[in-house]
Each structure stands twice: as structure tokens, then as C-alpha cells.
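Following: one structure in C-alpha cells, then a few remarks.
The values are calculated or read from the model by the stated rules, or taken from the named source; none is laboratory data. The shown structure was predicted, so the numbers you read here are calculated from the model rather than taken from an experiment. With ideal geometry, Cβ positions are generated from the backbone for all residues, glycine too; neighbour counts draw on all protein chains shown. Quick note on the areas: whole protein, heavy atoms, side chains included, nothing else; ligands and nucleic acids left out. Shrake-Rupley method; radii C 1.70, N 1.55, O 1.52, S 1.80 Å.
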Amino acid sequence: MVSLTKQTNEKPLMANRNGRFAIIEQLLADGIEYMFGNPGTVEQGFLDALKDYYPEFKYIFALQETIAVGAGDGYARATKKPTIVQLHSGVGLGNGIGMIYQAMRGHAPLVVLAGESGICYDAMDAQMAADLVSMAKPVTKWSTRIVDPSSLLRVLRRAIKIAATPPMGPVFVSLPMDILDAVNYEEVFPTSFPVTRVAPEPEQLETAASLLAAAKHPLIIMGDGVAFSDAQAELTSVAELIGGQVWGADSSEANMSASHPLFGGLLGHMFGDDSRRVTSQADVILIVGTYVFPEVFPALSGVFAPSAKVIHIDLNTYEIAKNFPVDLGLLGDPKTSLSKLAIALESTLTPEQKKEVFARASQIAETKKQESVARLEADKAVRDAVPLHMTRFAEELAAHLPADAIIFDEAITNSPELCRYIPNGTKKSSKLCGIGTTDFKAIEQ
């Protein structure tokens with residue numbers, strides 16, 4: 001039983017509060033106002049706590065666990081903030097694991113909570129008993145179980161911090177029922193997050209700038225780490241400075257406007273040979289905010305030309321040189337690092353190199369324009385075909401979409417047609433990336 005007194009502002013002040021109430025208080029202290037989930041017997045207390053004492057905290061109920069995780073995943077990616085997902089015991093966690101895996105691949109800052117019957121029942125091997133921590137470990141950054149009431153909020157804050165610290169990703173916390181029922185005396189205070197706006201040493205960026213400035217066929221491979229860092233403008237600036245085409249790998253966010261003349265598209269999703277047609281042509285490659293490579297069947301060798309120089313900038317050092325050697329692996333936040341790299345490039349590029357950049361960028365832009373016109377002309381030939389062609393569907397859909405619509409594209413084989421009429425980019429990213437406004441004369445100057 002939780003007893004209540006009243007503060008002067010009429011907000012309930014709890015005496016002998018239990019763990020369920022303490023968890024909600026901690027989440028509110030961190031500015032977290034939603035919990036996506038599918039509750040069971042252990043978690044009913046959360047709903048009671050919300051109904052009676054925390055109406056400002058909202059429980060988003062899903063009829064199945066994959067939906068709960070998927071909704072939380074989408075919310076986390078859109079807000080880039082830690083998001084709570086609640087599942088029930090081994091069965092609920094098992095149902096949600098597939099979507100937790102996708103959240104891990106997408107670097108969504110999810111904190112997955114799952115209730116269980118209680119520590120006191122560990123020896124009984126009763127109905128729904130399972131090693132939840134081991135189940136969740138392969139698909140999370142961190143997986144743990146709370147075994148003492150006095151560490152409930154301490155562990156929860158740690159989980160929130162780990163989930164939201166780059167490289168972001170899901171974490172898992174098992175909550176035994178006796179921990180949730182026990183009186184909790186822990187103090188509530190906001191979670192502390194480390195500052196990750198770090199950049200490589202100036203001399204390392206100067207080395208990178210020298211390699212890129214001397215390149216005849218530079219290539220940029222980018223991924224969602226760019227969007228998570230809000231580095232779209234900085235990425236575009238570097239691409240324009242070197243006259244390098246930009247290709248996405250593990251790229252599902254609006255990392256660069258698809259309408260930009262230097263945006264080449266996305267590398268192969270299924271086969272490494274498709275990607276190699278692009279990557280093997282470059283003499284200097286800059287990789288930022290992604291890993292190499294995310295195909296289902298990646299190439300095991302020969303992805304870069306033998307003499308090519310590879311530069312990789314990322315906050316996730318695990319991904320740097322994970323599969324292929326690099327010449328310069330740099331730990332750094334994409335936004336901060338690319339901004340400083342742009343400054344280094346501006347002071348490194350010679351007048352002759354700037355002319356080469358202008359000519360190269362102009363040629364890339366003209367080739368992209370011609371290819372786009374050719375594709376649109378080919379689309380016209382099948383516009384009235386029956387059955388309906390994907391290009392006609394995408395054209396009609398684009399005409400009816402509001403400006404702030406979000407399209408989730410998992411079409412794979414039809415993605416090029418869909419994205420031809422609905423290019424990626426939000427109002428924010430359009431403004432940052434300058435859709436259709438790139439002036440290569442400015443680069444030459």
C-alpha cells in the first residue's frame with residue numbers, strides 16, 4: 001500500500017512509494033512522457049500509477065509486442081531521444097526480439113523493460129520462467145537484471161544513458177515483480193549524458209584534407225550517423241568542396257537531399273557486387289556515420305581499388321576498419337568533424353584543384369540530370385500500362401502527399417521508382433542541404 005501526503009502545489013508526495021512509482025518519477029525527471037507496451041500481470045501496477053497519480057505520463061498500448069517495439073523504434077528515431085518500451089516476461093520479450101534487432105541495426109535509443117514473476121521464484125522454474133538477460137543480450141547494447149530495490153533507479157539511469165549515447169541503440173532491463181513491489185527510497189534526479197561532440201586532432205584532419213584535395217575520383221559513403229548528429233549541412237559542404245559523389249550505406253534517414261546534384265543514391269542492399277561497381281572506381285573514399293558494408297551478401301574482398309586511400313570518421317570505433325583496412329581511422333562526431341574538415345579543405349585546396357572540383361562536380365551533376373531525364377521518359381512509356389506500374393503509383397502518391405509526410409520505404413525492388421518521385425528530405429533537411437540550390441560557380445570561386 002502506498003500512502004500519500006500533499007505538497008503545497010497539490011502534487012502528491014509519496015511516502016513508502018514502491019518501485020513502479022519510482023520508475024515513473026525517474027522517467028518524468030528525464031523528460032520521458034510515453035511508454036509503448038503490451039502489459040501483463042507484473043506490469044499492471046504501472047497502469048494504476050499512471051491512472052491515479054501521473055496523468056501527464058502516457059501509456060501507448062499495443063495489441064502485440066512487435067507493434068509496441070516498432071512504434072517505440074519510430075518515435076525514438078524521430079525524436080532522437082531515449083524511449084521506453086515495456087514487454088511482459090519471456091513470452092513478451094521473445095515476441096519483440098525481432099523488432100529489437102531492427103532497432104539495434106537502426107541505432108534507435110530504446111530502453112526495453114520487461115517484468116517477471118520475481119527473484120524469490122528463481123529456484124522454482126515456474127510458468128514463463130526464462131533467462132531474460134541472455135535472451136536480450138544479442139540484440140542490445142546492454143542487458144541487465146535488477147536484483148536489489150536500492151539500485152532500481154541507478155540502473156534505470158544507466159540504461160537510459162547507454163541507450164542515448166552514440167552509437168545509440170536498444171538496452172534491456174529485467175524488472176522482477178518483488179523489486180517493483182518493494183519500497184524504494186532512491187532519490188530522483190535527471191540522467192547524466194556524456195558530451196560526444198568530439199573531433200579528431202587538427203593534424204589528422206589536415207591529413208584527411210590533403211588526401212581528399214588531391215583525389216581525382218573522390219567518393220563519400222555516408223549513413224544514419226550523419227542524421228543522428230544533425231550533420232547534413234556539413235556533409236553537403238564537404239561533398240561540394242571536393243566534388244565527390246555521395247552514396248548511402250545503412251542509410252534510412254534524410255542524411256543528404258536526394259535532389260542534390262552530388263547525391264548518387266544508395267549502395268546495394270542485397271549484393272556487394274552491386275556496391276562494388278561504385279566503390280571500386282574511387283581513388284579516395286571518405287566514410288562517415290556508417291559501417292562497411294550492410295548488404296545481406298556483402299563482397300568479401302575487392303570493394304576498393306588496390307591503391308585507393310580510405311578515411312573513416314565515426315563515433316563508433318567498432319565499425320572503423322572492422323571488415324576492411326583504412327588508411328586513416330578517426331574517432332569523431334560527424335557534425336563537428338565534418339565542419340572542421342571543411343575548414344581544413346578550404347585552406348588546403350589550391351586554385352587548380354578548385355577548378356578540377358568544379359569540372360568534376362559539374363560533370364556529375366550533368367550525368368545525374370541526363371540519367372534522371374532518361375528514367376522519366378522511360379516511365380512515360382509505361383504510364384498507362386495495365387496492370388499499374390510502380391512509377392505511376394509513385395507519381396500519383398507524390399501528388400497527394402502533404403509536405404511533412406513521412407514515407408517508410410521497404411519496397412526494395414521498387415525503391416528506385418518510389419524514391420524517384422518521392423525523394424528523401426524533410427523541411428529541416430531540405431533547408432540544411434539546399435535542395436536544388438547548389439551553385440558550383442561558388443565552389444569554383
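Looking only at residues of the stretch 52-106 that are without any contact (Cβ under 8 Å) to a residue 40 or more places away in the chain and of a type in the set (F, W, Y), we find that the one that is farthest from G31 (Cα to Cα) is Y101.
Among the residues making up the stretch 48-76, those that are surrounded by fewer than 16 Cβ atoms within 10 Å (Cβ to Cβ) and either at pLDDT 95 or above or not charged (D, E, K, R) (or both) are P55, F61, L63, Q64. Checked against the criterion of being farther than 21 Å from P202 by Cα, open to solvent by 80 Å² or more (accessible area, probe 1.4 Å), within 31 Å of the chain's Cα centre (by Cα) and without any contact (Cβ under 8 Å) to a residue 24 or more places away in the chain, the candidates P325, P351, P387 yield just one match: P325. Pairs, please: C-beta under 6 Å, at least 6 apart or cross-chain, first residue free of Cβ contacts under 8 Å to residues at least 40 places away in the same chain and in the stretch 126-153, second open to solvent by 60 Å² or more (accessible area, probe 1.4 Å) and outside any loop (DSSP other than H, G, I, E, B)? So the pair list comes out as S143/K137. Is one or more of the residues making up the stretch 77-96 crowded, with 18+ Cβ neighbours inside 10 Å, among the hydroxyl-bearing types (S, T, Y) and part of a helix (DSSP H, G or I)? Yes; the residues of the stretch 77-96 include at least one that is crowded, with 18+ Cβ neighbours inside 10 Å, among the hydroxyl-bearing types (S, T, Y) and part of a helix (DSSP H, G or I). Could you look through the stretch 131-141, keep only residues that are assigned to a loop (DSSP other than H, G, I, E, B) and open to solvent by 50 Å² or more (accessible area, probe 1.4 Å), and pick out the one that is modelled with the lowest pLDDT? In this case the residue turns out to be D131. Filtering the stretch 175-195 to residues that are under 30 Å from G289 (Cα atoms) and surrounded by 16 or more Cβ atoms within 10 Å (Cβ to Cβ) leaves only T191. The one condition from (1) free of Cβ contacts under 8 Å to residues at least 24 places away in the same chain; (2) open to solvent by less than 40 Å² (accessible area, probe 1.4 Å) that E201 does not meet is (2). Within the stretch 390-403, being surrounded by 14 or more Cβ atoms within 10 Å (Cβ to Cβ) and either assigned to a loop (DSSP other than H, G, I, E, B) or more than 30 Å from the chain's Cα centre (by Cα) (or both) holds for one residue alone: R392.
Evaluation of A213 against the conditions (1) open to solvent by less than 20 Å² (accessible area, probe 1.4 Å); (2) at pLDDT below 95 shows that the sole unmet condition is (2).
Just one residue in the set E234, E240 is in contact (Cβ under 8 Å) with a residue 24 or more places away in the chain and either aromatic (F, W, Y) or touching a Phe, Trp or Tyr at 6+ places or on another chain (Cβ under 8 Å) (or both); that residue is E240. Residues of the stretch 296-318 that are without any contact (Cβ under 8 Å) to a residue 60 or more places away in the chain and crowded, with 17+ Cβ neighbours inside 10 Å: P298, A299, V303, F304, A308, V310, H312. Say whether the condition of being touching a strand residue (DSSP E or B) at 6+ places or on another chain (Cβ under 7 Å), within 23 Å of V326 (Cα to Cα) and open to solvent by 20 Å² or more (accessible area, probe 1.4 Å) is met by at least one residue in the stretch 271-279. There is at least one residue in the stretch 271-279 that is touching a strand residue (DSSP E or B) at 6+ places or on another chain (Cβ under 7 Å), within 23 Å of V326 (Cα to Cα) and open to solvent by 20 Å² or more (accessible area, probe 1.4 Å). Restricting attention to the stretch 205-244, the residues that are outside any helix (DSSP H, G or I), within 18 Å of the chain's Cα centre (by Cα) and under 24 Å from R277 (Cα atoms) add up to 4.
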